[in-house]
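Down below is the structure, laid out as structure tokens.
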Amino acid sequence: MAASSTSSAPPMPEHLRALAGEPELAAAWEQQVAARRAEAATITALLDYRSRSAAHYAQEPLVVRSEADRAAVRDAARILGVSDRTATTILNATGDAKHLLPRTWQVFCEGLIDLPRVRKTVDAATTGDLPDDLLRQLDQAAAEQAQRRSLAEFHHWLTRYIASLDPEAYARACEKETQDRFVRFQHHSHGMSYVQAYIPTLEAAAIEKRLKAAARGMDQPGAGQTNSEPASPGAHTAGSHTTDARSPDCCTTNHQAADPRSGDARTSDPRTLAQREADLFTAWLRDGRVYDAPIDAKIMILIPETTLTGDSDEPAMAADRSWMIPAHQARNLAANPEANHDWYHGRSRENPENAEHDLLSARYIGRYPPARLRDALIFRDGTCQADGCTISAERCDIDHQTPWEHGGETTASNLWALCRRHHRMKSHGFLHPTPQQQTHNTDASSETGRGTDTSSSTDGGRSGGTDPGPKAAFHAVPDHHPQTVAYLRRRLYRSAGTTTTRTRQRSISDCAKVTRRSAESSQE
């Protein structure tokens, strides 16, 4: 029986086709399909049992029907070996999938996707209050995307897709969710506790960036522990850190070793990075003290220019494509006069000569990319370029596809973001850029001035379910162009932004209007 189920397994999907030549991996794929089909058959049987129970008690009073349903769910929980609450969640989600998302349910029963992906699709479909036409659109796109993305990638894709399907509904949902914000403390054994907070994403991102920048700043020369630094657990004082952490991640800019003549600052602090972050976080919350010097914590987001000018309400997207924010939050952030803004414009100009710097088409003499090119690569790649990896490009190494020592140039077409784990695999010959990745990077670096609309970065693949991650050239607008920012602010709503003083924001727009206006003002 098992042999017949595995022999009918469909061929590996396109993104796994290179693995089909390995017999063990081919066998594993067949077994995985068989396991998913068995899981779908189990869930189907339990749903049928629940439906039969509901039909049997359909004429009974409401209280009897409710208790009968609870009894049916309890029986299902015993079969699955889970709690009644977990069984209720599973059966409710799969029941919704069966009735609301026929295409998703079909590929689940065919063994092409698993239960976690079904549940995530149902969550997205039921929390967005989507009309029937958009629900069908989500069903078709999600069924396709769930088959070729890792679970984390699929979650990020769903976040982008739902936000772009109906921006106005997404903004309303975000506003509604802010009413449910909370902080929760859970005290566990061994003298440790969890602090859980449900807060707006933009606030959480700012806290995360600042915390990581501060903790990594302790590695900088001269950042030895002082009386003003947060103490390890058990100490009674906590204070501020006095180093200006200019790099968002000390391990991601390049691979230069610390200068032995200056000493390694980390030797004076035995704490791991995670421990330092925990100590800083505790110190901030306990006594409110932060820093004697500003921390450069970048928030990198992609904002359609029509959103900035108020002509549309398309949401903004994080550079790593993992979260979205509604249009009004993006406008408030861009209008904050206390934040430092660096603007990057996607490939959008009919005449590329209007750009001050074409970042992704330049060739750089040195080995290590300059800061602006690194930012453009972060926007371009979003995450580690290894298949299935969702590590943010901000935390990745910028690696030469053809190594520098083998003649590889420091150009955008030869550079890609790799997390440290996959960078090591590539260095030892176990990871190679695919032809598609090389083509994407070359296209992104050379095809400037085509007028490509990078707002496709937030359309969630509506035109065929493609990856909405932008592959575009980036033009930098230097800080000494006040006309650009002034023009934007005249069209924006005035309000207090959500970032803290001296927090740095980097943004990208998708049209040429602002830059053309800036160029015209400069020429005048």
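The values are calculated or read from the model by the stated rules, or taken from the named source; none is laboratory data. Source: prediction; values computed, not measured. Cβ atoms come from the backbone with ideal geometry, glycine included; neighbour counts cover every protein chain shown. The protein model used for the area step is the full one, side chains on, heavy atoms only, and it has no ligands, DNA or RNA in it. Shrake-Rupley method; radii C 1.70, N 1.55, O 1.52, S 1.80 Å.
Things worth noting here:
- Net length available on complete extension from Glu14 to Ala169 is 52.3 nm, with 0.36 nm assigned per residue and the Cα-Cα distance removed.
- Peptides 68-78, 409-419, 8-18, 103-113 ordered by average Cβ neighbours within 10 Å, highest first: 409-419, 103-113, 68-78, 8-18
- Counting only heavy atoms of the protein chains and using a 1.4 Å probe, His432 has close to 120 Å² of accessible surface.
- Over segment 63-153, equivalent-ellipsoid semi-axes from the Cα gyration tensor in Å: 26, 16, 10
- Residue-wise HN-Hα coupling along segment 383-396, computed from phi with Karplus coefficients 6.51, -1.76, 1.60 (Hz; x: Gly, Pro): 9, 3, 7, 5, 4, x, 8, 10, 5, 4, 4, 5, 9, 9
- Amide H to amide H distances under 5 Å link Thr410 with Tyr364, where only residues 5 or more positions off or on other chains count and H is placed in the peptide plane.
- 12 Å beta-carbon shell around Leu46, net charge (K/R +1, D/E -1): +2
- Segment 23-119, dipole about Cα centre (Lys/Arg Cβ +1, Asp/Glu Cβ -1), debye to the nearest 20: 200
- Area accessible to solvent at Met425, 1.4 Å probe radius, in Å²: 70
- Segment Ile207..His187, full-extension length gain: 4.9 nm, with 0.36 nm per residue of separation and the alpha-carbon distance subtracted.
- Among Arg380, Arg65, the order of accessible area from largest down is Arg65, Arg380, computed with a 1.4 Å probe on protein heavy atoms.
- Anisotropy class of segment 9-142 from Cα gyration tensor, a/c 1.5 cut: oblate
- For Asp129, solvent-accessible area (1.4 Å; no DNA, RNA or ligand), Å²: 130
- Note that segment 328-342 has calculated 3J(HN,Hα) couplings of 5, 5, 4, 5, 4, 5, 5, 8, 5, x, 8, 9, 8, 10, 10 Hz, one per residue in order, obtained from phi through the Karplus relation 6.51 cos²θ - 1.76 cosθ + 1.60 (θ = phi - 60°); glycine and proline are x.
- Taking amide hydrogens as placed 1.01 Å from N in the peptide plane, the amide H of Ile299 sits under 5 Å from those of Arg504, Gln505, Arg506, each at least 5 positions away in sequence or on another chain.
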